[in-house]
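Q: Input: one structure, supplied below.
Every read-out reported here was derived from the displayed coordinates using simple, explicitly stated rules and does not represent laboratory data. Everything quoted here is computed from the prediction, not taken from an experiment. A quick note on method: Cβ atoms are made from the backbone with ideal geometry, for glycine too, and the neighbour counts reach across all protein chains shown.
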Amino acid sequence: MLIFFLLPIFAATSCQLKHFIQEFQCKAKTVKGGAIAIVHKGKIVYKKTFGAQGDTEKPITSHTLFPLGSSSKAITSMTIGYLAQKNTINLREKFTLPWLKHKVSLIDILGHTAGIESPFWGNLEIEAGQSRQQILKLLSKQKLSIPGKSYAYTNVLFSLVEEVLEIKGTNFPQALQNFRTCLGTDEIQVIPIDACREIAYPHMKENGQTKTLPFPPYYPKVVMTAAGIFASLDGMIKFLQLICGYRSDVLSKTMLAQMYKPRKKNKDITKWVNKGIEFPCDLNQIESWYGLGWRVLRSKTNPEKDMIYHPGYIAGINTFVGVIPSEDIGIVIMMNEASKTALPLQEGLNFWGLFLKQDNKINR
């Protein structure tokens, strides 16, 4: 367990942040294990690991790899941004892919506007063990439309990033390796993962008992870029410093802003409310958008306090990564036990709520 706690730099919000961390620590006792870090002005403010990796009760450390689920999209977004900044790839270039009716750009793919009229998640097929080629064949049979018009969040379409990179003469594992090397970490990984690496295995509660689940077998193989990346807390801290704008040698603030820019408004958060997720202010006062590999929340009463974020879920795993650019602060939460209310997502939203304030009072 590691803890760094430097509250004075938060001035008006220090008490609220301290209360947030105390509440989080209490809630974290109910799950198998996890990790959390908060970075402010590029520096670690809070860092902690807790619980066990699996049945052996080996403790989670800051080097333990967690499956990220859909938080993988945030990593993919920054990897593509890195390539675009190096002029290796053009985000607006149009590509012909055999499973789609029209040419698409990386902006279309990363923004979930690649041209499908009804959502085709592909998750059931992925979890049933179908191959990538089988699922892409199913994609080609969906009702397709002109890219850029309609938003449809889907792991399968997002993962077409992989085919675009192949067309450009590379592949995602190689692109990710170059990106993380520049970032200064080897703790953001895709399969195959070295046997010596520590992994936080997923867990679920059944009849009051916590059950260890196997290594996630399908998402990392079938939709790697959408939901198949692994990362440790230390790796994600490097990532937080990047997304907060403190690694201009890797990504400029101009490129970050391009990836964060709200592009398509959506109603995804209403689904989360139906699953028990609570928001820090009236839902009618919140706009939900999607950028390029990132979700965006905007409060109509505090429009300068956008939360740029992405949650992730795979059976037995919950994750959250987010940044509030106006506050120069980012947070990552990873847990290896799925909770009914997706605890990392809920806590990420609670964290956003700390900064939706007027006259230094927190809207709860």
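Q: For the modelled label position 7 Å from the Cα of ARG197 along Cα-to-Cβ, which residues of the range 41-69 have backbone nitrogen atoms closer than 14 Å?
A: Counting only backbone N, you get 63-69.
Q: Here is a follow-up. Taking only the C-alpha atoms, wrap a convex hull around the range 289-352 and report its volume per residue in Å³ as a whole number.
A: Values: hull volume 5.4 nm³, N = 64.
Given the Cα convex hull of the range 289-352, per-residue volume reads 84 Å³.
Q: Just rank LYS265, LYS205, fewest to most, by other beta-carbon atoms within 10 angstrom. Spell out each step's value before the answer.
A: Working: LYS265 13, LYS205 16.
If I rank by nearby Cβ atoms, fewest first, I get LYS265, LYS205.
Q: For the range 228-305 and the range 60-75, compute the distance between their C-alpha centroids and round to whole Å.
A: The range 228-305 and the range 60-75 have Cα centres separated by 16 Å.
Q: Starting from the Cα of LYS141, step 7 Å along the direction of its Cβ; do the same at CYS182; then give the gap between the two resulting points in nm.
A: 4.1
Q: Which residue fluctuates most in the GNM of the chain (Cα springs below 10 Å): GLY129, GLY69, GLY42?
A: In this elastic network of the chain, the residue with the biggest mean-square fluctuation among GLY129, GLY69, GLY42 is GLY129.
Q: What relative contact order, as a whole-number percentage, does the chain give when Cα pairs under 8 Å and 6 or more residues apart are counted?
A: 23
Q: Moving on. Compute the FRET efficiency between HIS102 and ASP328 as 1/(1 + (r/R0)^6), taking r as their Cβ-Cβ distance and R0 = 30 Å, and round to the nearest 0.05.
A: 0.15
Q: Most exposed first by the Cβ proxy, i.e. fewest other Cβ within 10 Å, how do PHE50, PHE20, PHE179, PHE66 rank? Show your work: numbers first, answer last.
A: Numbers: PHE50 17, PHE20 20, PHE179 25, PHE66 31.
Placing the least packed residue first, the sequence is PHE50, PHE20, PHE179, PHE66.
Q: Continuing with the same structure: Name the aspartates and glutamates eligible as straight-distance cross-link partners of LYS205: C-alpha to C-alpha under 18 Å, and not fewer than 8 places from it in the same chain.
A: ASP55, GLU57, GLU337
Q: Still on this model: Please identify every one of the GluC sites (Glu not before Pro) in the range 7-106 that sits in a loop by DSSP and has no more than 13 other beta carbons within 10 Å of its own beta carbon.
A: Taking the range 7-106 and a limit of 13 other Cβ atoms within 10 Å, the loop GluC sites (Glu not before Pro) found are GLU57.
Q: Could you list CYS196, CYS182, CYS26 in order of exposure, starting from the residue whose Cβ has the fewest other Cβ atoms within 10 Å?
A: CYS196, CYS26, CYS182
Q: What are the ³J(HN,Hα) couplings of the range 116-133, residue after residue, when phi is run through the Karplus curve with 6.51, -1.76, 1.60 and θ = phi - 60°? Round to Hz, x for glycine and proline.
A: Once rounded to whole Hz, the list reads 9, 7, 10, x, 10, 5, x, 5, 4, 5, 4, 5, 7, x, 5, 6, 4, 5.
Q: Right, another one. Can you give the extra length, in nm with one decimal, that the chain gains between SER131 and ASP55 once fully stretched, where that is 0.36 nm per residue apart less the Cα-Cα distance?
A: 24.4 nm
Q: With unit charges on the beta carbons (Lys and Arg positive, Asp and Glu negative) and the dipole taken about the Cα centre of the range 133-244, which residue among PRO147, ALA175, MET236 sits farthest to the positive side?
A: PRO147
Q: For the chain, what does the helix formula give at 222 nm: sum of -39500 (n - 2.57) over DSSP H segments with n ≥ 4, over the residue count, nearest 500 deg cm²/dmol?
A: It lands at -8500 deg cm²/dmol.
Q: Can you list, bin by bin at 20 Å, the percent of alpha carbon pairs in the chain, starting at 0?
A: For the chain, the binned pair fractions read 31, 61, 8 percent.
Q: Could I ask something else about it? For ALA338, list long-range residues whose amide hydrogen, built 1.01 Å from N in the peptide plane, is under 5 Å from its own amide hydrogen.
A: Amide H neighbours of ALA338: HIS203, GLY316, ILE317.
Q: Modelling each spin label as a point 7 Å along the Cα-to-Cβ direction, I'd like the THR88/ASN274 distance in nm, to one decimal.
A: If labels sit at THR88 and ASN274, their model points lie 4.0 nm apart.
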